[in-house]
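First comes the structure, then the notes that go with it.
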Amino acid sequence: MRNLLILAVLALAACQPTPPPAPTISMTQAATPSSSMAALINQQRAANGLGPITEDARLSNASRRHAQDMVANDYFSHRGLNGSDLSSRARAAGYTCVAAENIAWGQRTEADVMTAWMNSPGHRRNILLRDAQQFGIGRFDNHWVMLLGRGC
């Protein structure tokens, strides 16, 4: 009888549904914008009499992390939920002379996000900063972050 009771308990335990795994964000949701973003940025700069800027991996890394954090934690802001700002995020990635940050949400292509930024006075001003020498771009789902730096 005791063996039968143990067997019944084990059988019931085996039939319990396993809880679903906690939701996670797959890195496949992270998109690395192509080099065409550099072309789009530099096209706008050239049209306004400014020289080209180049992509910096540290700024792109900080940008991707912020975009991913906004998606993972369902917010949209220049200030991270941990209190970070563009300067602290850039420093954490090893870049010390960040100048500006653009964020966007919902655009599906690089051309769409560049159009939106160029139609916004503040974002346009950032893209056309005279002392900007480098940029970083990050995208996660349809959240975009661009950091502009002074090349330090």
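Structure notes:
- Whether region 42-116 is rounded, prolate or oblate, judged on the alpha carbon gyration tensor where a/c under 1.5 counts as rounded: oblate
- Taken over region 70-152, the ratio of Cα radius of gyration to 2.2 N^0.38 Å equals 1.06.
- Accessible area per residue, Å², region 93-152 with all protein chains present, probe 1.4 Å: 42 Å²
- The portion of the accessible surface of region 49-135 made up by carbon and sulfur, rounded to a whole percent, is 48 (1.4 Å probe; DNA, RNA and ligands excluded).
The values are calculated or read from the model by the stated rules, or taken from the named source; none is laboratory data. For clarity, every value in this text was computed on a predicted model and none was experimentally measured. Remember, those area values only see protein heavy atoms, side chains included, never the ligands or the DNA or RNA. Shrake-Rupley method; radii C 1.70, N 1.55, O 1.52, S 1.80 Å.
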